[in-house]
Amino acid sequence: MIKLNKITKEQVAKPLIEMLQEQVRINNLPSKPYDPADNDWIREMDARNRGEEPFQHVDKSRWNFYNREVGNPFNMRDEIIENCKNPPEPMIEELVVREKEDKIIVGIKNEYTSYSYFVISDTVSENGHNIINVRLADLGYDLYNLDSGNLDMIEKFENLLKVVETENQYFEPRDSANYQIVYKYNN
């Protein structure tokens, strides 16, 4: 059997690193003040207070994520308005790429915390195929997983993985947080 189109975990990590570099660049830009009436959270709360249907301005997964991780938006209305008028300085972030054992770990770090978004490794499956495994971790799981992630982020992530696809190799989701790139073999 001849292995086709051998790619490395470094080649798979490269577009993911570039995507997070751009995210870090955008996150480090200073914020400008704006009218709280233009804030999606304020518009969503105002619509709910008027008795309108929920999730017009903030989708359900984003609302639930915020409510779970930060707190009830209704209890934070004054803080949201204040942040619109006087946005805080960004927490300066940096991209972190570490190699640990047979893995490449790619994430974002700021002065308070470090997130591991992607864990990329070489594996061999039970049927003998060589596989590049991309596992979502920490905040990456919240943003990119198929079950509860942001749909735009999932699509962007999957499109980045597709750059390594050819007629003879393909990537496939294994579960909500685990993606594998499988090499086909010639007989």
- Task: Of all residues in the range 46-85, count the ones that are touching a residue at least 40 places away in the same chain (Cβ under 8 Å), among the charged types (D, E, K, R) and under 18 Å from Tyr34 (Cα atoms).
- Result: 1
- Quick check: is even one residue across the range 108-117 loosely packed, with under 13 Cβ neighbours inside 10 Å, within 19 Å of the chain's Cα centre (by Cα) and closer than 23 Å to Ser148 by Cα? yes
- Task: Filter the range 45-63 down to residues that are closer than 28 Å to Arg25 by Cβ and part of a helix (DSSP H, G or I) and give me whichever is modelled with the highest pLDDT.
- Result: Trp63
- Matching residues in the range 138-175 - criterion: being of a type in the set (A, V, I, L, M, F, W, C) and modelled with pLDDT under 80: Val163, Val164, Phe171
- For the range 74-82, does any single residue satisfy the condition of being outside the structural domain of Leu16 (by TED's automatic domain parsing), aliphatic (A, V, I, L, M), over 30 Å from Ala137 (Cα atoms) and in a helix (DSSP H, G or I)? yes
- Members of the range 148-166 found to be of a type in the set (A, V, I, L, M) and in a loop (DSSP other than H, G, I, E, B), listed by number: Val163, Val164
- Task: Search the range 28-56 for residues being over 24 Å from Pro90 (Cα atoms) and touching an Asp or Glu at 6+ places or on another chain (Cβ under 8 Å), and hand back the single one that is surrounded by the most Cβ atoms within 10 Å (Cβ to Cβ).
- Result: Ala47
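The values are calculated or read from the model by the stated rules, or taken from the named source; none is laboratory data. Since this is a predicted model, take the numbers as computed values, not measurements. Here Cβ is always computed from backbone atoms with ideal geometry, including for glycine, and neighbour counts include all displayed protein chains.
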